[in-house]
1. I want to confirm something. Restricting to the stretch 22-34 and keeping residues that are surrounded by 11 or more Cβ atoms within 10 Å (Cβ to Cβ) and of a type outside the set (D, E, K, R), which single residue is farthest from A131 (Cα to Cα)?
2. Checking the structure you have, find out if any residue of the stretch 80-103 is part of a loop (DSSP other than H, G, I, E, B) and free of Cβ contacts under 8 Å to residues at least 24 places away in the same chain.
3. Please work out if A80 is small (G, A, S) and in contact with a Gly (Cβ under 8 Å, 6 or more places away or on another chain).
4. I need the full set of residues from the stretch 127-141 which are out of contact with any Asp or Glu (no Cβ under 9 Å at 6 or more places or on another chain) and in contact (Cβ under 8 Å) with a residue 24 or more places away in the chain, in order please.
5. Here is a list: A91, A83, A64. Which entry is closer than 24 Å to A20 by Cβ, exposed (fewer than 12 other Cβ atoms within 10 Å of the Cβ) and not assigned by TED's automatic domain parsing to the domain that holds R13?
6. Restricting attention to the stretch 46-53, does a residue exist that is farther than 20 Å from R113 by Cβ, touching a residue at least 12 places away in the same chain (Cβ under 8 Å), not polar (S, T, N, Q) and not in a loop (DSSP other than H, G, I, E, B)?
7. Is it true that W105 is exposed (fewer than 12 other Cβ atoms within 10 Å of the Cβ) and touching a Ser or Thr at 6+ places or on another chain (Cβ under 7 Å)?
8. Enumerate the pairs (first residue in the stretch 20-42 and not assigned by TED's automatic domain parsing to the domain that holds P84; second residue anywhere and outside any loop (DSSP other than H, G, I, E, B) and loosely packed, with under 11 Cβ neighbours inside 10 Å) with beta-carbon separation below 9 Å, excluding pairs fewer than 6 apart on the same chain, so at least 6 apart or on different chains.
Amino acid sequence: MEQRVSLITLGVRDPARAAAFYEALGWQRAQSPDGVIAFDLLSQTIGLYPLEKLAEDLGLPVEALGTGAMTLSHNVRTAAEVAPLMARAEAAGAEILRPAGPIFWGGTIGYFRAPDGHIWEIAHNPFSPLAPDGRFRWEGY
């Protein structure tokens, strides 16, 4: 198995509402088959898929899925970008869990919960600068 993630699938109760949330953050949809709403990222894709269909595919009851103890992180180029992006998420319908602010390891972070419960971290990590095209790599390029 190659060391990469190709697709992150988020189970959502209302795909149209979930898509509108990510579009309000500035994302653009990619062409996709019926039943899946996709947003291409740098070398990955996020797919929004009906929660009931995801549970069916997995062979589990919907109640067993939850959102898990996981975060999706979006790193930005400067510490000053964290708070405005958190505000944009809140305006789009997110619940702010931790406002933007400094963190003990020297970066700036904030957390929000998207309307379907997925938790996102917005972060500036001065020790892992982004590549010019926005790609992230631990410890930078």
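1. Restricting to residues being surrounded by 11 or more Cβ atoms within 10 Å (Cβ to Cβ) and of a type outside the set (D, E, K, R), the top hit is S32.
2. yes
3. no
4. Matches in the stretch 127-141: P129, L130, D133, G134, R135, F136.
5. Just a single option satisfies the conditions, and that option is A91.
6. For the stretch 46-53, residues farther than 20 Å from R113 by Cβ, touching a residue at least 12 places away in the same chain (Cβ under 8 Å), not polar (S, T, N, Q) and not in a loop (DSSP other than H, G, I, E, B): present.
7. For W105, the condition - exposed (fewer than 12 other Cβ atoms within 10 Å of the Cβ) and touching a Ser or Thr at 6+ places or on another chain (Cβ under 7 Å) - is not met.
8. Partner pairs satisfying both residue conditions: A24/A91; I37/A16.
The values are calculated or read from the model by the stated rules, or taken from the named source; none is laboratory data. This is a predicted model, so every value here is computed, not measured. Cβ sites come from the backbone with ideal geometry, for glycine too, and all protein chains shown count toward neighbours.
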